[in-house]
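In what follows, a single structure is set out as structure tokens and then discussed.
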Amino acid sequence: MHRDPEGAAPGSGERGEQPQWRQDFPIDWTQDEYVARRDFTKFLGLTSLAFVLGQFWILAQSMIGRGRNGGRVTEIKGARDLPVGGSLTFAYPDEYDDCILVRTGRESFVAYSQKCTHLSCPVRPDPENNALLCPCHHGSFDLATGRPTGGPPRRPLPLVELEVRGGRVYATAVKERMQ
Ligand code: FES
């Protein structure tokens, strides 16, 4: 079978049969394409692996987050002295997580993360209208449930679970909610 000396692998055939440039640049095209395909396959494999690892990382983070948000019981200072309709802010579960507590009755309280679920502006209570309002884009939430009632927010505020013991109010967990 006749092979074009220009496409022939370097070293194949007589050296004298190949043009000078072929001898100066001895690239084996067949081998070169094979390596390119192999590299592309390797790239695809590594990308898929990175994607799968990323999913596991997100899952692990969410499990750690769930662990972090629960189980630590913290007294909310000043809650017992709040008048009905009064509110205060507190940090839970750690010092960077601002939350808001509202006394809705003699024995009843509600508490949520203070970060609006639209773009994280701090929400403010409006107990007369049974609402929490976000001043940034006129978002509003139902005070009793923390669910969005107006404006851009689509998700409820994270709920701070409470326990009332001997007149004292304790935060016990934060519950993230999608709806
Ligand atoms: S940040 Fe609250 S409505 Fe936009």
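Derivation of every value follows stated rules applied to the coordinates shown; laboratory data play no part. The structure presented is a predicted model; accordingly, all values stated were derived computationally and were not measured. Cβ coordinates were reconstructed from backbone atoms using ideal geometry, including for glycine residues, and neighbour counts include every protein chain displayed.
If packing is taken as the average count of other Cβ atoms within 10 Å, what order do 25-37, 149-161 fall into, highest mean first?
Values: 25-37: 10.8, 149-161: 17.8.
Packing order, densest peptide first, comes out as 149-161, 25-37.
In terms of Cα to Cα distance under 23 Å, which lysines are near enough to Lys175, apart from those fewer than 8 places away along the same chain?
Lys77, Lys115
Enumerate the calculated ³J(HN,Hα) couplings along the range 116-127 in order (Karplus 6.51 cos²θ - 1.76 cosθ + 1.60, θ = phi - 60°), each rounded to whole Hz, writing x wherever the residue is Gly or Pro.
With coefficients 6.51, -1.76 and 1.60, one gets 4, 7, 7, 10, 6, 5, x, 7, 10, x, 9, x Hz.
How much length would be gained if the chain were fully extended between Val52 and Asp39, taking 0.36 nm per residue of separation minus their Cα-Cα distance, in nm to one decimal?
Stretched fully, the Val52-Asp39 segment lengthens by 2.7 nm.
Provide Asp81, Asp142 in ascending order of the number of other Cβ atoms located within 10 Å of each residue's Cβ, fewest first.
Fewest to most other Cβ atoms nearby, the residues stand as Asp81, Asp142.
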